[in-house]
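All remarks here apply to the structure that follows.
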Amino acid sequence: MSGVDVKLCRPFRVAKRGHTDDECQDAYAIDVANGRFAVADGATESADSGLWAALLVEAFEHGGPDPWQEWLAPVQRDWADAVRVPDDAALPWFLERRYRDGAFSTLLGVWFKGEHWKGIAVGDTCLFHVRDNKLKASYPIERSSDFDSTPWLIGSRSPAGDVPEPQSFAGSLRPGDQLLMMTDALSCWFLASAEQDREPWLALEGLARQSDEAFAEWINLLRDRRELKNDDTTLVAIYL
């Protein structure tokens, strides 16, 4: 990768309270050398959404998203092959419906090119661009009040014409910039804190140099304080 160098990139992933790490339905993929980063949040109520989220971020890391339809269809086939249920399997009616409908997930992807970055998003997994200790930009959601329970999602069985078009955005890169990619619960906390002039990026910068366990403890503290929804939580913090 040419242009501005990545000084530090730290991913963190914490399952919702009461669930194991293996049950976490968030996923991320990082390729610092080629400047490609992705985060996805699998929908809890859909079938094998953690696998679907993982397949989406891996596909983005290896070359998505343009053109969108050309790389999405093979990923859908990979998901269907991985979760194929035998015809004689006896499943409860609600599981039959879930597998028939497929899995759903958000997707946020960012890639660097020289001294610029580009991004795409479907759903409410967000990117925050911090420069000179100020929140320069927020994508695709700009206010904490805009989060709801029905974000746009990518479906593992959705025909190409039914897949939402990703929102696109772009920006410049400078040494000292921070790009922070987060799933919805942490994104909502981040924006609410920024709206109260609490500079949440400073807390994350300190945690980025600590252990995974320290980050998980901090997430659970926010949950205890009811500042953060009890949901799978993922952060990819990129420092230039």
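For every residue, the table says whether it meets (1) at pLDDT below 80; (2) assigned to a loop (DSSP other than H, G, I, E, B); (3) out of contact with any Gly (no Cβ under 9 Å at 6 or more places or on another chain).
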position	(1), (2), (3)
Leu72	no, no, no
Gln76	no, no, no
Ala80	no, no, no
Asp87	yes, yes, yes
Arg98	yes, no, yes
Trp117	no, no, no
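Within segment 99-138, restricting attention to residues that are of a type in the set (S, T, N, Q) and crowded, with 23+ Cβ neighbours inside 10 Å, the residue that is nearest to Met181 (Cα to Cα) is Thr125. Of the set (1) buried (at least 19 other Cβ atoms within 10 Å of the Cβ); (2) out of contact with any Ser or Thr (no Cβ under 8 Å at 6 or more places or on another chain), all apply to Ile154 but (2).
Is it true that some residue in segment 216-238 is among the small types (Gly, Ala, Ser) and either in a loop (DSSP other than H, G, I, E, B) or farther than 27 Å from Gly50 by Cα (or both)? Looking through segment 216-238, none of the residues is among the small types (Gly, Ala, Ser) and either in a loop (DSSP other than H, G, I, E, B) or farther than 27 Å from Gly50 by Cα (or both). With respect to being more than 15 Å from Val110 (Cβ to Cβ) and among the charged types (D, E, K, R), Asp31 falls outside the description. Counting only strands (runs of 3 or more DSSP E) wholly contained in segment 122-213, no element carries 2 or more residues that are at pLDDT below 95 and small (Gly, Ala, Ser).
Of the set (1) buried (at least 19 other Cβ atoms within 10 Å of the Cβ); (2) out of contact with any helix residue (DSSP H, G or I) (no Cβ under 7 Å at 6 or more places or on another chain), all apply to Asp224 but (1). Residues in segment 158-213 that are of a type in the set (S, T, N, Q) and loosely packed, with under 13 Cβ neighbours inside 10 Å: Gln196, Ser211.
The values are calculated or read from the model by the stated rules, or taken from the named source; none is laboratory data. Bear in mind that the values here come from a model prediction, so they are computed numbers and not experimental data. A quick note on method: Cβ atoms are made from the backbone with ideal geometry, for glycine too, and the neighbour counts reach across all protein chains shown.
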